[in-house]
Amino acid sequence: MPKVFYITTPLYYVNAAPHIGHSYTTVAADTLARYHRLKGEAVFLLTGTDEHGQKIEQAAAAAGRSPHIFVDTVVEQFITLWRMLGISYNDFLRTTQPRHTQAVQAILTRLRDEGKLVRAAYQGWYCTPDETFWTEAELAPAIGSAAPVCPTCQRLLEPVKEVGWHLPMRTAQSWLVQFVTSHPGVVQPTSRYNELLGMLEQPLPESLCITRPRSRVSWGIPVPFDPEHVTYVWFDALLNYITAPGYIDNPTRFQQLWPADVHLIGKDILRHHAVYWPILLHALGLPDTLMPQRIMAHGWWKVGEQKMSKSLGNIVDPTVVIQHVLAGQPYAADIYRYFLLREVPFGQDGHFSEEALKTRLSADLGNDLGNLVNRTISMIERYCAGQIPVLESIGCAVEDEPLRQAAMALPNLVDEAMDRLEFSAALEAIMRLVTSANRYIEVAAPWKLSKDPQMAGRLRMVLRGLAEVVRIIAITLDPFMPSVAEAIWQQLGSGTTSRRLADSQQWGMLPTGQSTGPHPVLFPRGKDATPA
Ligand code: ME8
């Protein structure tokens with residue numbers, strides 16, 4: 001059974017509507033999934049929502065709703081946004097679904113029966129917005145305040161002292177150090193890998209408390225062997241990565257999917273994924289070969305110097321960007337996808353601004369990509385009766401060769417960048433080809449060739465070459481901007497031309513004589529902009 005390429009996003013909290021940070025991880029995951037499908041691989045993209053815990057319980061209470069009704073409402077906002085953004089997930093897991101809650105309970109019982117859990121008192125500090133425990137040793141004191149602040153989000157912590165079930169961590173530390181040092185690619189980018197090594201230089205807390213007393217938090221998965229407790233939300237949520245593929249109820253499917261090839265996360269939850277998660281899998285008896293293959297922790301979208309966050313209330317709403325800022329653009333969602341992945345190298349922090357978005361739209365997409373496609377198809381229509389011209393058997397003339405070679409080199413450049421999860425580098429390579437093709441049009445000047453009947457063959461050759469370049473761009477751009485890629489195919493005349501990545505490494509795949517389609521402007525400007 002071939003291994004399926006398994007990609008995950010975090011399960012987002014449903015305490016409030018999604019913002020661009022959530023859409024960033026999900027768009028990246030979707031692009032990666034589409035890219036591997038384009039390569040002909042079987043892919044499984046999992047996303048979903050994290051619905052338990054104190055933070056959700058409090059948000060529901062503040063909204064005057066029961067947690068059940070509250071999460072059902074918010075989850076719809078995530079699903080609607082993913083639909084708008086064309087997210088091609090294979091599964092959407094909600095942690096309140098019985099398939100998940102039952103599997104979590106089975107895992108808890110197994111760990112308890114195997115003596116892997118300890119019941120003990122715990123004393124420490126809790127960050128409710130992050131749903132994370134901190135020990136005294138890990139904390140930095142708050143300036144001017146007696147209570148310490150969360151090392152991740154800098155908000156005040158609450159003291160916690162209670163009895164619960166614990167998963168030992170310190171005893172697994174030497175195993176984890178050995179594992180991560182012998183798998184240096186497991187956490188990326190390198191800055192985050194080094195951050196992890198830094199965390200592991202200090203002794204880990206003795207254990208992770210994986211339950212909460214029902215008296216304090218009732219909105220959680222009941223602990224099957226202790227009615228006074230519910231499951232800690234992070235323990236419940238991390239397990240989604242194995243409960244969805246069938247760790248408990250479908251071993252055959254699990255074998256095909258697990259281990260995850262890429263866990264895409266933000267850097268805020270590195271500790272949970274790179275420390276707690278492997279320790280938990282190790283406690284379940286999974287061997288090193290079945291540890292996650294790659295944890296990619298990208299940077300933050302910030303507002304000023306602060307992370308954009310639901311709890312801080314400084315968010316940019318993707319729906320507003322798509323429906324209002326990009327109003328009139330037929331491919332607004334794709335423009336948004338392009339902006340997210342092109343603007344900031346994956347792994348670094350970025351700042352969102354409408355101005356930066358509009359600059360990308362008018363420069364990269366309008367002036368460069370849209371212009372190339374429009375000029376190519378219009379000229380084929382005008383000079384070749386709207387039919388893909390013949391590919392001369394002699395191939396390219398010497399002056400055409402650099403463009404052909406640049407086009408042939410593109411798939412490998414994109415592949416190398418995607419392998420390193422460098423989405424912006426992949427897009428940059430595609431856009432470099434777009435720029436070269438536009439320059440080529442200026443030099444080859446088909447409009448001049450059209451005036452000289454003796455140059456009819458040369459004119460066909462130039463336009464056929466351009467049509468091939470546009471085809472190669474449509475294929476490689478597809479994972480990033482699926483609707484735009486489809487529109488380009490329609491303009492090329494669609495037909496039966498194969499659209500796999502391997503086809504972008506072949507020159508001359510368009511069927512000669514195929515009729516081109518209508519060619520409305522892909523990225524209209526100003527008053528011409530009207531939604532599709
Ligand atoms: O942490 N910039 O959920 P969450 C970039 N439920 N990405 C951002 C971002 C920002 N400003 N803000 C959020 C949780 N994200 C847990 C996860 S997984 C088993 C449980 C993205 O709703 C980024 O991927 O707080 C970050 O890691 C995630 O949303 C946190 O989402």
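With contacts defined as alpha carbon pairs under 8 Å and 6 or more residues apart, what's the relative contact order of the stretch 5-307 in percent?
About 21 percent, as a whole number.
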Inset, instruction - Give the accessible surface of the chain per residue, rounded to a whole number of Å², with probe radius 1.4 Å and ligands, DNA and RNA excluded. - result: 40 Å²
Inset, instruction - Once you've got the Cα coordinates, tell me which of 39/116; 116/310; 161/310; 39/267 are over 31 Å apart. - result: 39/116; 116/310
Inset, instruction - Subtracting the Cα-Cα distance from 0.36 nm times the residue separation, let me have the gained length for residue 324 to residue 409 in nm, one decimal. - result: 26.8 nm
Legend entry - Antiparallel DSSP beta bridges within the chain, percent to nearest 5: 55 percent
Inset, instruction - Using a 1.4 Å probe and counting only protein heavy atoms, arrange 226, 452 so the residue with the most accessible area comes first. - result: 452, 226
Inset, instruction - Excluding residue 405 itself, calculate the net charge of residues whose Cβ lies under 14 Å from the Cβ of residue 405, where each Lys or Arg counts +1 and each Asp or Glu counts -1. - result: -2
Inset, instruction - With a/c under 1.5 counting as rounded, go ahead and sort the stretch 116-230 into rounded, prolate or oblate using the C-alpha gyration tensor (a ≥ b ≥ c being the square roots of the eigenvalues; past the cut-off, prolate if a/b is larger than b/c, else oblate). - result: oblate
Legend entry - Prolate/oblate/rounded label for the chain (Cα gyration tensor, a/c 1.5): prolate
Inset, instruction - Could you let me know the centre-to-centre spacing of the stretch 11-68 and the stretch 69-111, using Cα atoms, in angstrom? - result: 8 Å
Inset, instruction - Compare the peptides 419-426, 295-302, 324-331 by average per-residue count of other Cβ atoms within 10 angstrom and give them in order, highest first. - result: 295-302, 419-426, 324-331
Inset, instruction - Run the accessible area of the chain with a 1.4 Å probe and give the carbon-and-sulfur part as a rounded percent. - result: 53 percent
Legend entry - Shape category assigned to the stretch 5-307 from the gyration tensor of Cα positions, a/c cut at 1.5: rounded
Inset, instruction - Run the numbers on the stretch 183-233 and let me know its relative contact order in percent, using alpha-carbon pairs under 8 Å that are six or more apart. - result: 27 percent
Inset, instruction - Could you order 337, 83 by accessible surface area, starting with the largest, using a probe radius of 1.4 Å? - result: 83, 337
Inset, instruction - Using a cut-off of 12 Å between beta-carbons, work out the net charge of the residues near residue 257 (Lys and Arg +1, Asp and Glu -1, residue 257 not included). - result: 0
Legend entry - Estimated inter-spin distance, residue 367 and residue 284, nm [label 7 Å along Cα→Cβ]: 5.1 nm
Inset, instruction - Enter the accessible area of residue 294 (Å², nearest 10), with the probe set to 1.4 Å and all protein chains included. - result: 40 Å²
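Pairs of Cα atoms under 8 Å, at least six residues apart: use those to get the relative contact order of the stretch 290-357, whole percent.
Relative contact order of the stretch 290-357: 46 percent.
The values are calculated or read from the model by the stated rules, or taken from the named source; none is laboratory data. No experiment lies behind these values; they were computed from the predicted model shown. Note that each Cβ is placed from the backbone with ideal geometry, even for glycine, and that neighbours are counted across all protein chains shown. Side chains included, ligands, DNA and RNA excluded: accessible areas come from the protein's heavy atoms. Shrake-Rupley method; radii C 1.70, N 1.55, O 1.52, S 1.80 Å.
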